[in-house]
Amino acid sequence: MDLIRDGFREAFWLLVHNRSDVYEVAWRSIYVSGTATLVSLVLGVAAGAVIAFKRFPGRLIVMTLVNTGMGLPPVVIGLFVAIVLWRSGPLGLLAWIYTAKAMIIAQIIIATPVNTGFVEASLAALDPKLRLQVYALGASRLQMLWLVLQEVRLPLLAALMAGFGAAISEVGASVMVGGNIAGQTRVLTGTILLQQSQGNFGPALALGIILLTMMLAVNLLFTWIQLGVSRDRAQHDAPAPIQSASLSINAPWPTR
């Protein structure tokens with residue numbers, strides 16, 4: 001209990017005095033993981049829509065790969081990205097290894113299967129007649145996709161939360177491709193790992209508390225939006241009140 005209490009105290013002093021460049025590290029974490037989450041959401045929507053709406057050879061294999069990717073070890077992804085971006089690798093000329101761009105790429109690969117799985121399951125659960133009705137009204141494919149995505153707004157927000165959580169909490173791949181360089185690629189998870197390896201459990205616990213607080217704040221915002229969307233949808237789908245059909249005694253009776 002003393003260690004936990006000291007961790008909260010250390011977290012407070014880190015925030016007040018900006019020790020260990022905590023604000024810079026926290027902002028870099030949000031930037032890297034936020035960018036990766038948005039890109040992975042776009043890719044996940046596109047891939048999920050194709051898998052849900054199209055019937056093509058190898059669809060079962062693709063779905064299996066997506067489900068496997070949702071639980072793929074981040075260190076394996078980090079190793080693959082590091083090999084590709086290494087100086088002697090296929091994309092070595094880009095010189096992205098040990099940069100924030102490499103970390104974003106690794107986190108995109110981690111979060112995309114999560115978003116794809118959520119989107120595919122949500123779109124596949126829709127009534128197929130809905131798309132036919134939209135097409136019958138003269139909508140294009142993009143317009144159809146936009147309309148059906150509005151029907152699955154809540155699962156999309158859940159996918160956004162899950163993708164962001166998977167990205168910002170990842171440490172193995174980010175350290176492997178980013179190098180955990182101070183002032184350049186060091187994020188909260190990498191800093192926690194470094195402090196723990198040096199035996200500095202107080203600062204490590206403090207940074208962990210800050211990371212959990214950030215995730216809680218972001219998920220609180222998404223959940224608030226999700227509940228607002230749910231209330232709006234419930235009001236929109238509510239049946240209209242039944243008007244009274246009683247006749248006034250002074251109203252004239254219909255004649256034949």
For region 46-64, does any single residue satisfy the condition of being open to solvent by less than 40 Å² (accessible area, probe 1.4 Å) and polar (S, T, N, Q)? no
Within region 126-146, the count of residues that are free of Cβ contacts under 8 Å to residues at least 24 places away in the same chain and within 24 Å of Val42 (Cβ to Cβ) comes to 10
Output for region 161-216, where each listed residue is open to solvent by 60 Å² or more (accessible area, probe 1.4 Å), assigned to a helix (DSSP H, G or I) and either without any contact (Cβ under 8 Å) to a residue 60 or more places away in the chain or more than 20 Å from Phe80 (Cα to Cα) (or both): Leu193, Gln196, Ser197, Phe201, Leu212, Thr213, Leu216
Exactly one of these conditions fails for Val229: (1) open to solvent by less than 50 Å² (accessible area, probe 1.4 Å); (2) part of a helix (DSSP H, G or I); (3) modelled with pLDDT of 85 or more. Give me its number. (3)
If you go through region 92-143 one residue at a time, how many are part of a loop (DSSP other than H, G, I, E, B), under 23 Å from Tyr31 (Cα atoms) and open to solvent by 30 Å² or more (accessible area, probe 1.4 Å)? 4
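The values are calculated or read from the model by the stated rules, or taken from the named source; none is laboratory data. Owing to the predicted nature of the structure, the values given are computational and were not obtained by experimental measurement. Neighbour counts run over all protein chains shown; Cβ positions are idealised from the backbone, glycine included. Just the protein is used for accessible areas: all its heavy atoms, side chains included, with ligands, DNA and RNA removed. Shrake-Rupley method; radii C 1.70, N 1.55, O 1.52, S 1.80 Å.
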